[in-house]
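Everything on this sheet refers to the single structure shown next.
The values are calculated or read from the model by the stated rules, or taken from the named source; none is laboratory data. These figures come from a predicted structure and were not determined experimentally. All Cβ positions, glycine included, derive from the backbone under ideal geometry; neighbour counts span all protein chains shown. Note: areas computed on protein heavy atoms with side chains; ligands, DNA, RNA excluded. Shrake-Rupley method; radii C 1.70, N 1.55, O 1.52, S 1.80 Å.
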2 protein chains.
Amino acid sequence: MSETPDNAVRTYIDRHRAAFLDDLVDWLRIPSVSAQPGHAADVRRSAEWLAAKLGETGFPTVEVWSTDGAPAVFAEWPAEDPSAPTVLVYGHHDVQPAAREDGWDSEPFEPVIRDGRLYARGAADDKGQVFFHTLGVRAHLAATGRAAPAVTLKLLVEGEEESGSPHFRALVEEHADRLAADVVIVSDTGMWSEDTPTVCTGMRGLAECEITLHGPEQDIHSGSFGGAVPNPVTEAARLVAALHDEQARVAVPGFYDGVVELSDRERALFAELPFDEEQWLRTARSTATRGEAGHTTLERIWARPTAEVNGMGGGYQGPGSKTIIPSSATVKLSFRLVAGQDPDHIEKAVRSWAADRLPAGIRHEITFGAATRPCLTPLEHPALQSLVRAMGRAFQQPVRFTREGGSGPAADLQDVLGAPVLFLGISVPSDGWHAPDEKVELDLLLKGVETAAYLWGELGDLRDPAESRRHAP
Amino acid sequence: MSETPDNAVRTYIDRHRAAFLDDLVDWLRIPSVSAQPGHAADVRRSAEWLAAKLGETGFPTVEVWSTDGAPAVFAEWPAEDPSAPTVLVYGHHDVQPAAREDGWDSEPFEPVIRDGRLYARGAADDKGQVFFHTLGVRAHLAATGRAAPAVTLKLLVEGEEESGSPHFRALVEEHADRLAADVVIVSDTGMWSEDTPTVCTGMRGLAECEITLHGPEQDIHSGSFGGAVPNPVTEAARLVAALHDEQARVAVPGFYDGVVELSDRERALFAELPFDEEQWLRTARSTATRGEAGHTTLERIWARPTAEVNGMGGGYQGPGSKTIIPSSATVKLSFRLVAGQDPDHIEKAVRSWAADRLPAGIRHEITFGAATRPCLTPLEHPALQSLVRAMGRAFQQPVRFTREGGSGPAADLQDVLGAPVLFLGISVPSDGWHAPDEKVELDLLLKGVETAAYLWGELGDLRDPAESRRHAP
């Protein structure tokens, strides 16, 4: 076998994998649980550990950025060619809470390797996936003989993702100049399965609101008044019932305005994925599917906007009964948004829909929280094609496409920086994010290293880096 | 003015009113709050006080009946004529909780008379209205020269009405032979207003249920699964929304089976009442009416069956938001029933309605509590006519007809004893039942005495006491 660049990358990775894993295990020992105030010092220690390691990796600039919450780590390694594209990698160094008694087979913060898997809280979400970029860039340099990467490489690793990234947008806005990039690579997702390497091309956005309905000034007797005045719980239920039509489409007028529909090619690509609906239902802890008519389950969760009620309450909820007409009711709704939908427009549409439906005698208030925009990179986007080529070289298999139904802080990077977002993740559904016995498959972790090693060359080869911007949604 | 029987009654009442009020004040000093365990001894003391007073009044038989909760008082005074009708008077000697700091102008258990009103907890609900029967029967005997009443008079005064009468049905069943009666007179209601004496002809029944819907086995992520599996809160809302049609009629198939519709005469009689909807809305703490098409507010609350949601909850109800598809939802429903409706039939109808509407993937359970049947005495019922004549003699005004929208333990008496239920109450809406500064109007209290004094003669004149039974609903 002749020495190709790919062989050189693999040889380098083989030679350094033991030290790479030792380092990762060290990092995983730090219980950087952002949701638990008692671990604040650990989260800071985790940031400092990473900053030191990125310095050792060779990044000329490494900084720990304070926020009003937990610190983030920023690193930058400029390309030699000033016209090379700039790439920003996003990840996070905080982890979900974990305790042995939750059902772990071993201590969550004492990493162990069993059967080719590394078990520890954060192994897949997200320390493992952040960390493969360190060996990845070293392998890229070793295999290409460069002193600096083929792209200007920036890393932003936040410390509050598991707490809802409350200060992330402000952080990105504050440092927008330092973070400026042609492409954002998010390494905080997964792929279809061990056997099916995939690239995620977008995430849904999110708009959330709470609607409170007021009827009588206080709870009143259902015998004396029942059947003769409006009941705010009934009206809240009618609003929720009216959210969808009989086709399970969202019935708020204007909700679908601007929605980028799936192309025939995208639908065909979704359909090619080895999707087992029974298996999926088990993951959903559900016994039947239900959703928008004319769409498959994958289309529904990845590419269609939705309305869900996340919580609802009003009147008496204790044991037994209480014969009242309740004074008020509250509904919490969330809307998943897809490319082309504008959260401000959705807010306006929901406000007028609710106002139009409520009868005399019912007063209401609606509060919207901060929205997250959807992100979607078209299949033909050159940067996405670069990522697919890099992953294909690492996995030596065809790479397929997925999307992510959830919503994440990556959308803030897209928004503030105006750059398209690509997703490079090697985690698989069995990795147990947020669950006991979280693990990462070592083979896949090293494929992540290898993909990163190829990716900077692939992106550096883009003739016109500005092209990416023109394709941003 | 010649000495008519009515003059004789009035003279007797005038002569004894001071002692009557002193006694009532004594009784009102006993804080017989059945809902507060610390007052259990007071509730027993109240029963014993009443038993002693009924003995002094002349009832040959007086007993304190124990229950698994608070004691009831039973008294019986047989008519001399063994073929005379038997009448059972129902009331209660327990009261709602009360404390000066709730907004009372004087101590709730230190009765005071101001401006012709007696202020105390229990003054109207229900001690005052029970107690007018003591002076009433004495005035009846004095004015007619009888040694025993013209009817066999029984009293049953329970001690747990303000706690939902949990042991009342069992008590009535246990003592059904002793309580047997041709007519039941409930003195625990009111009349239209100070200026408008009325007789209530019925109460609505009540069926209550709780429906729990189960979707995913646990809360699941609305990003990963939203839009593709059924949401139990959405389905609960759809059930509630489907309870009524666009005419605000209850849409459960079979719900109206057997309903005794209002006659044109009854509707006309309701319409003659001086009803002020704006005033009623203030009492309802509401700003608009809403109810079954084709019916007035009074018809809706008195004579039409209803479905109300009393409480509902599911998913996240804390501050902020949580992007989940909730695992379950619960709905508490109550149905007010009118004459002709059968609670067992309603339960069956609701069960199949719910089962038919819920989609695959949603499991549900329905629990029904003990139901209360409706009671209604037809306008032409001879015993009702006797009551109207007695009240007309006392008030010297035309007596009109009302109904009661709520439901009460009187229905148990109707059920177990098979006797029609009539309502003799002199309380008015401003009396403040369950509220601070509860009071009774002394003039009306004495009209209650007077009505009772005439009523036993009127009922004793009924040619065929069994006639009442033939008119029972």
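Filtering A:R29, A:R45, A:R10, A:R15 for residues that are free of Cβ contacts under 8 Å to residues at least 12 places away in the same chain and among the basic types (K, R) leaves a single hit, A:R15. Taken as a whole, the condition of being open to solvent by 20 Å² or more (accessible area, probe 1.4 Å) and either in the same structural domain as A:E458 (by TED's automatic domain parsing) or under 13 Å from A:K127 (Cα atoms) (or both) applies to A:A18.
Scanning segment B:31-60 for residues that are farther than 19 Å from B:L156 by Cβ, in contact with a helix residue (DSSP H, G or I) (Cβ under 8 Å, 6 or more places away or on another chain) and in a loop (DSSP other than H, G, I, E, B), we see that the one that is modelled with the highest pLDDT is B:P31. Residues that are surrounded by fewer than 24 Cβ atoms within 10 Å (Cβ to Cβ) and within 12 Å of another protein chain (Cβ to nearest Cβ): does segment B:165-183 have at least one? Within segment B:165-183, one or more residues are surrounded by fewer than 24 Cβ atoms within 10 Å (Cβ to Cβ) and within 12 Å of another protein chain (Cβ to nearest Cβ). Residue count for segment A:416-459, restricted to those that are in a helix (DSSP H, G or I) and of a type outside the set (A, V, I, L, M, F, W, C): 11. In the set (1) assigned to a loop (DSSP other than H, G, I, E, B); (2) open to solvent by 10 Å² or more (accessible area, probe 1.4 Å), the condition left unmet by B:G122 is number (2). Exactly one residue among B:E450, B:E404 is away from chain A (no Cβ under 14 Å) and out of contact with any Pro (no Cβ under 9 Å at 6 or more places or on another chain), and that residue is B:E450. Criterion applied to A:K332, A:K322 was being charged (D, E, K, R), part of a loop (DSSP other than H, G, I, E, B) and within 14 Å of another protein chain (Cβ to nearest Cβ), and the one residue passing it is A:K322.
Can you tell me which residue in segment A:82-110 is nearest to A:H140 (Cα to Cα), limited to those that are out of contact with any Ser or Thr (no Cβ under 9 Å at 6 or more places or on another chain) and open to solvent by 60 Å² or more (accessible area, probe 1.4 Å)? Result: A:S83. Scanning segment B:184-195 for residues that are crowded, with 17+ Cβ neighbours inside 10 Å and farther than 17 Å from B:C375 by Cα turns up B:M191, B:W192. Residues in segment B:303-319 that are more than 22 Å from the chain's Cα centre (by Cα), among the small types (G, A, S) and more than 7 Å from chain A (Cβ to nearest Cβ): B:G318 only. Between A:A288, A:A349, the distinction of being without any contact (Cβ under 8 Å) to a residue 24 or more places away in the chain and open to solvent by less than 20 Å² (accessible area, probe 1.4 Å) belongs to A:A288 only.
Let's see how each residue does on (1) closer than 24 Å to B:L179 by Cα; (2) among the hydrophobic types (A, V, I, L, M, F, W, C); (3) in contact with a helix residue (DSSP H, G or I) (Cβ under 6 Å, 6 or more places away or on another chain):
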position: B:S386; (1), (2), (3): yes, no, yes
position: B:Q396; (1), (2), (3): no, no, no
position: B:A411; (1), (2), (3): yes, yes, no
position: B:Q414; (1), (2), (3): yes, no, no
position: B:P429; (1), (2), (3): no, no, no
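Out of A:E308, A:E365, one residue alone is under 20 Å from A:H244 (Cα atoms) and either touching a strand residue (DSSP E or B) at 6+ places or on another chain (Cβ under 8 Å) or not in a helix (DSSP H, G or I) (or both). It is A:E308. Only one of the numbered conditions (1) away from every other protein chain (no Cβ under 11 Å); (2) acidic (D, E); (3) within 30 Å of A:T297 (Cβ to Cβ) is not met by B:E162, and that is (3).
Being within 21 Å of A:E208 (Cβ to Cβ) and either acidic (D, E) or buried (at least 23 other Cβ atoms within 10 Å of the Cβ) (or both) is the requirement here; does B:A207 meet it? The answer is no for B:A207. Of the residues in segment A:339-353, at least one is closer than 20 Å to A:L243 by Cα, more than 13 Å from every other protein chain (Cβ to nearest Cβ) and touching a Ser or Thr at 6+ places or on another chain (Cβ under 9 Å). Restricting B:G361, B:G425, B:G405 to those that are in contact with a Phe, Trp or Tyr (Cβ under 6 Å, 6 or more places away or on another chain), within 30 Å of B:A207 (Cβ to Cβ) and open to solvent by less than 30 Å² (accessible area, probe 1.4 Å) reduces the list to B:G405. What are the pairs with Cβ atoms under 8 angstrom where one residue, in segment A:365-393, is within 14 Å of another protein chain (Cβ to nearest Cβ) and the other, located anywhere, is among the basic types (K, R)? Sequence gap at least six, or different chains. Sorted first by the residue in segment A:365-393, then by its partner, the pairs are A:I366/A:R351; A:A370/A:R169; A:P374/A:R204.
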